[in-house]
Amino acid sequence: MSQPESSKVLSLRERLKEKAMDWLMPHLPKGELSHLTGRLAHLDLPQPLARVSVQAFAEAYGLNMQEAEFPLEYYANVGELFTRRLKPEARPLGQGVLHPADAVILQAGPIGATLVQAKGIDYSLSQLLASEAEAAEFQGGLFVSYYLCPTDYHRVHASFDGRLLNTRHMPGEFWPVNSWSVSKIESLYAINERVAMSFAAKAGRWTAVMIAATNVGNISATLCPELSTRPRGKRRSLRNFPGADREVAAGDEIGIFRMGSSVVLLLDAQLCRSMELTEDKLRALIGKSTRVRASLSPSNS
């Protein structure tokens, strides 16, 4: 097959895939499917079958088990493997503001009343945080959006030192968070299930918003063990958990995705000035892969 013919076939496949997504996703029971997927991933299987499923998952996604806390045979099911910890020495701690996750940066830029989701699509910051007052705190700051795929390590870590102010669970939808939905679903990040953790530090404020997606039916907040996001119907209400003055150091674990999704990191103007973060520096990161605990932009202080 010639190069032009190959390109045409690939283009046709992409169009057919997009059309299938256009038809399927609005009708799919995404919440119920996410709950079922989570249960299956953590199902206790007979040992021989468990070994086969864990091995198959690791090979299918090319997981780097050299960094994992335990060898592959330690993990009893796919769910445990997916939420594996890293060896303490696997990721050296960077300086300044740190990347919270292994991911690809989809967007980054200034914070106004809205944030950029994709070209031509914005979403409301106050809707994302379910708080007008908290949204106002970040005006003039900067944001970074991270996308995690199944290959990635799925624990989220603190981007900076801080005292936990609150953890907020906002029930919502379970749209997939991928190239199709980011470019098609208005206010995707602000309507999907999410957990926001807000921190105060001497240098300024920052918030990490963990966003669920199809098959991401359970997000854990390490500093708020009483929080549970397991799907229990669409009528659940927003819940706010006070921080109780819990402290974190940069690089500490703050949350776990039971399946992959996205993180939106918000940095207020004071913190950006203190760490010499600029819009240009962050925009230069769009499309790049990140590693948890690595420097987003080293502090010069």
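Key figures
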{"item": "The stretch 151-193, subset among the polar types (S, T, N, Q) and part of a loop (DSSP other than H, G, I, E, B), residue surrounded by the fewest Cβ atoms within 10 Å (Cβ to Cβ)", "result": "Thr151"}
{"item": "In the stretch 73-93, residue farthest from Arg258 (Cα to Cα) [restricted to those that are over 20 Å from the mean Cα position of the chain (by Cα) and surrounded by 18 or more Cβ atoms within 10 Å (Cβ to Cβ)]", "result": "Tyr75"}
{"item": "Filter result (assigned to a strand (DSSP E or B) and at pLDDT below 95) within the stretch 258-288", "result": "Ser262"}
{"item": "Scan of the stretch 66-111 for residues that are touching a Phe, Trp or Tyr at 6+ places or on another chain (Cβ under 9 Å), farther than 19 Å from Phe160 by Cα and among the acidic types (Asp, Glu), ordered by number", "result": "Glu67, Glu80"}
{"item": "All positions within the stretch 280-291 that are among the hydrophobic types (A, V, I, L, M, F, W, C) and over 14 Å from Tyr147 (Cβ atoms)", "result": "Leu282, Ala284"}
{"item": "One residue from Pro110, Pro92 being over 20 Å from Ile185 (Cβ atoms) and not assigned by TED's automatic domain parsing to the domain that holds Ser179", "result": "Pro92"}
{"item": "Residue check for Gly255: closer than 24 Å to Leu93 by Cα, touching a helix residue (DSSP H, G or I) at 6+ places or on another chain (Cβ under 9 Å) and either buried (at least 16 other Cβ atoms within 10 Å of the Cβ) or at pLDDT 95 or above (or both)", "result": "no"}
{"item": "Leu223 being surrounded by fewer than 23 Cβ atoms within 10 Å (Cβ to Cβ), assigned by TED's automatic domain parsing to the domain that holds Val156, modelled with pLDDT of 85 or more and not hydroxyl-bearing (Ser, Thr, Tyr)", "result": "yes"}
{"item": "Within the stretch 110-159, tally of residues that are in contact with a helix residue (DSSP H, G or I) (Cβ under 7 Å, 6 or more places away or on another chain) and either closer than 16 Å to Met170 by Cβ or at pLDDT 95 or above (or both)", "result": "17"}
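The values are calculated or read from the model by the stated rules, or taken from the named source; none is laboratory data. Quick caveat: nothing in here was measured; it's all calculated off a predicted structure. For neighbour counting, all protein chains shown are included, and Cβ atoms are generated from backbone atoms with ideal geometry for every residue, glycine included.
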